[in-house]
2 protein chains.
Amino acid sequence: MGKGKQTKQQILATALNVATATSLNDLTIGGLATITGLSKSGLFGHFNSKENLQLEVLEYAQSIFTDAVIQPTVNMNSAMEKLLTTVECWLNWYRSQGSSCIFVSTSVEFDDQPGAIQDLVKKRLQQWLEYLTQLAQTAANEGQMKGDARQFVFELYSLYLGSQQMVWVGFEDEQHTRFKCALSALIQRYQ
Amino acid sequence: MGKGKQTKQQILATALNVATATSLNDLTIGGLATITGLSKSGLFGHFNSKENLQLEVLEYAQSIFTDAVIQPTVNMNSAMEKLLTTVECWLNWYRSQGSSCIFVSTSVEFDDQPGAIQDLVKKRLQQWLEYLTQLAQTAANEGQMKGDARQFVFELYSLYLGSQQMVWVGFEDEQHTRFKCALSALIQRYQ
DNA sequence: TATAAAAACGAACGTTCGTACTTTTTTGAG
DNA sequence: CTCAAAAAAGTACGAACGTTCGTTTTTATA
């Protein structure tokens, strides 16, 4: 890997941390340059626009997310086992990012801001929901679940969102007890 | 009501629309002045700082929210009836605001931005969750529900969050069918 | 080691924003 | 109608931001 790509990866790693801790719009080229020890224009040269930087941050986040949440289950043969492990990794991912998920915050941040970033965020969320649906549907086909797979995913994702918000206001604890409680009730209801 | 207060109310109404359609931070003094037909400094004089403007927008939103969601149930004597009507009004509020809730977006926007605004947003959300819990608890005391009232509210609020996000990506329809489906399953599970 | 390309730098520009002043206009009570 | 107070306007400033451009330094290959 050449020097350029190497620096870029390092910038993206830092940028993801900053964007997760604040927001994708609060990500500033000058600020990011200071943190990474580069000059403003030196950093800028890697992306040629702020929007490109933001898009690349999202793609970088996606690659980490895939490694942390999707990859671990790739060799499992039971869909139900896949599903349960995925949810566990999903929570771990969220915690590893400092108790906030960039995909959730960007969804809210860009839901009224048309453009390339919104398009990407929306597409990724749709893909993720479809992936979960597929998992649930396969589990159903294998006789481990019954009912509407999409409705199941709707409720599962809702709980994921709710858990994050409510940890923030102290209505949910850091171990996501209420989430897990609701999850087992949800699973029970669908089997 | 003097001229000053009258203008201020009009500014706040417009500001709430803008903040709901974009975000509380994207609310701009110059932009808001243009929309309301005032000069930048003329509008500024009503608030003396952007943060004050934002705080007053939140309080204005709260007053509307109270009228639309809490007031309608004030004369009901069955807690369960109150609860169901509240949820219905809650959905209507969300729709009346152009399918986005300023309390939800500000919660995400300011969850990592300490200050007076974050404090207010957090307090209001806590109050709302407590209010819902109180409703559920009273319904339980009246024999119309059983189980953990807080857990019930956790799941209810999660569904509210989820419904909004998933309307956005087309995983939920505008009539909130999945929300209502999940809601009745939730209620059934708790009675 | 020579050398062209890649990477990084430094300074500047145009714009947007919040805010501070002063001045003008409008309001409403006596 | 008067006139002080309130409301609104006009102008200006400083800071932060994304971006451009010319230059310098570093990298990596032949």
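The values are calculated or read from the model by the stated rules, or taken from the named source; none is laboratory data. Predicted model, so just to flag it, every value in this text is computed and none were measured. No Cβ is skipped: glycine too gets one built from the backbone with ideal geometry, and neighbour counts run over all protein chains shown.
Applying the condition of being in contact with a Lys or Arg (Cβ under 9 Å, 6 or more places away or on another chain) and away from DNA strand C (no atom under 12 Å from the Cβ) to the range B:31-60 and asking which residue is nearest to B:Tyr94 (Cα to Cα) yields B:Leu58.
Under the condition of being free of Cβ contacts under 8 Å to residues at least 60 places away in the same chain and either buried (at least 18 other Cβ atoms within 10 Å of the Cβ) or on the phi > 0 side of the Ramachandran plot (or both), the residues counted in the range A:57-68 number 4. Summed over the range A:150-163, residues that are more than 7 Å from chain B (Cβ to nearest Cβ) and more than 24 Å from A:Gln62 (Cα to Cα) total 0. Within the range A:96-144, the set of residues being of a type outside the set (S, T, N, Q), more than 15 Å from B:Val169 (Cβ to Cβ) and either modelled with pLDDT of 95 or more or in contact with a Lys or Arg (Cβ under 6 Å, 6 or more places away or on another chain) (or both) comprises A:Cys101, A:Ile102, A:Gly115, A:Ala116, A:Leu135, A:Ala136, A:Ala139, A:Ala140, A:Glu142, A:Gly143.
Entry remark, the range B:120-149: residues being within 7 Å of another protein chain (Cβ to nearest Cβ) and within 21 Å of A:Cys181 (Cβ to Cβ) number 3 in total. Exactly one residue out of A:Lys3, A:Lys82 is away from chain B (no Cβ under 14 Å), charged (D, E, K, R) and either away from DNA strand D (no atom under 16 Å from the Cβ) or surrounded by 14 or more Cβ atoms within 10 Å (Cβ to Cβ) (or both), and it is A:Lys82. Could you tell me which residue of the range A:164-181 is surrounded by the most Cβ atoms within 10 Å (Cβ to Cβ), considering only residues that are more than 7 Å from chain B (Cβ to nearest Cβ) and free of Cβ contacts under 8 Å to residues at least 24 places away in the same chain? Only one residue tops the list, namely A:Lys180.
Right, A:Ser96: of a type in the set (Gly, Ala, Ser), more than 9 Å from DNA strand D (Cβ to nearest atom) and over 27 Å from A:Gln137 (Cα atoms) or not? Yes, satisfied. When B:Ala33, B:Ala21, B:Ala15 are screened for being more than 14 Å from every other protein chain (Cβ to nearest Cβ) and in contact (Cβ under 8 Å) with a residue 24 or more places away in the chain, only B:Ala15 passes.
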